[in-house]
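Asks: I'd like to ask some things about the structure below.
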Amino acid sequence: MPRPITASLPNRSFTIITPGEGHGTDPASQQRHATMMDPISDCQVLLARGMGTGAYNALTARGIRPILTDISTIEEAVQAYIGGQLADHPEWLH
């Protein structure tokens, strides 16, 4: 798989992600994701309305199952998960 390309302009740098890699797969993003995962490292599941591919991969690498849902309140999403009725939408990864 081709690697991201980092480019710089005066006072600004950015990463160009190769199509198909998704958002947040560059090394700097992966480092931020690792820091974000530390407080939830004891969790088994993370419910979210959306996320980038890099965050999704970081979660699964830590053994945390990310579930992307269209349910707008956490209370309803948790109840749907507990009841086995929560639909996962990994196609929403960006």
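Asks: Suppose R0 equals 22 Å. What FRET efficiency, 1/(1 + (r/R0)^6) with r the Cβ-Cβ distance, do ASP42 and GLU91 give to the nearest 0.05?
Replies: 0.20
Asks: Still on this structure, I have one more. Order the peptides 83-91, 55-63 from the highest to the lowest mean number of other Cβ atoms within 10 Å of their residues.
Replies: Answer by packing, highest mean first, reads 55-63, 83-91.
Asks: Around PRO39, what is the net charge, scoring Lys/Arg as +1 and Asp/Glu as -1 over all other residues with Cβ under 15 Å from its Cβ?
Replies: Around PRO39, the surrounding residues sum to 0.
Rule-based calculations on the coordinates, nothing more; no lab input. Since this is a predicted model, take the numbers as computed values, not measurements. Every residue, glycine as well, gets a Cβ built from its backbone with ideal geometry; the counts of neighbours run over all protein chains shown.
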